[in-house]
Amino acid sequence: MTAADPRAELLRLRASIDNIDAALIFMLAERFRCTQQVGVLKAEHEMPASDPNREEQQVARLRALAEEAHLDPEFAEKWFNFVVAEVIRHHTEAAESR
């Protein structure tokens, strides 16, 4: 890397960040499409919106993946808990609308 033009390097890095952010949004959208199907299935069969055992397994799995990726496992767990809270809200709404 050359220090000749730090502005050009900043633009290059920001473009990469923008591309990654876009990919994350599309991946989250796909994840929620899948979890919406799970919510409908659970509602149809009167299953609970939350599955604490599954969530616990996922937390452990994601923390391990985060460590492997050199990402703070605490951050990975917070992210997962945030997403799961939204998923459970969707599942609860699906059950209530039946």
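Looking at (1) surrounded by 10 or more Cβ atoms within 10 Å (Cβ to Cβ); (2) modelled with pLDDT of 95 or more; (3) not basic (Lys, Arg), which is the only condition residue 70 fails?
Checking residue 70 against (1) surrounded by 10 or more Cβ atoms within 10 Å (Cβ to Cβ); (2) modelled with pLDDT of 95 or more; (3) not basic (Lys, Arg), the one that fails is (1).
Among the candidates 15, 4, single out the residue that is of a type in the set (A, V, I, L, M, F, W, C), more than 19 Å from residue 92 (Cα to Cα) and in a helix (DSSP H, G or I). If you could, list the steps in order and put the result at the bottom.
Details: 4 fails: in a helix (DSSP H, G or I).
Every option except 15 fails the conditions.
Conditions (1) part of a helix (DSSP H, G or I); (2) touching a residue at least 60 places away in the same chain (Cβ under 8 Å); (3) of a type in the set (Lys, Arg), marked per residue:
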position: 56; (1), (2), (3): yes, no, no
position: 59; (1), (2), (3): yes, no, no
position: 63; (1), (2), (3): yes, no, yes
position: 71; (1), (2), (3): no, no, no
position: 78; (1), (2), (3): yes, no, yes
position: 83; (1), (2), (3): yes, no, no
position: 88; (1), (2), (3): yes, no, no
position: 94; (1), (2), (3): yes, no, no
position: 98; (1), (2), (3): no, no, yes
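Please verify whether the range 21-36 includes one or more residues that are among the β-branched types (Val, Ile, Thr) and surrounded by 12 or more Cβ atoms within 10 Å (Cβ to Cβ).
Of the range 21-36, the ones among the β-branched types (Val, Ile, Thr) are 25, 35.
Add one more test, that the residue is surrounded by 12 or more Cβ atoms within 10 Å (Cβ to Cβ), and what stays is 35.
Yes, the conditions are met somewhere in the range 21-36.
The values are calculated or read from the model by the stated rules, or taken from the named source; none is laboratory data. Just so it is clear, the model here is predicted, and its values are computed rather than measured. Neighbour counts run over all protein chains shown; Cβ positions are idealised from the backbone, glycine included.
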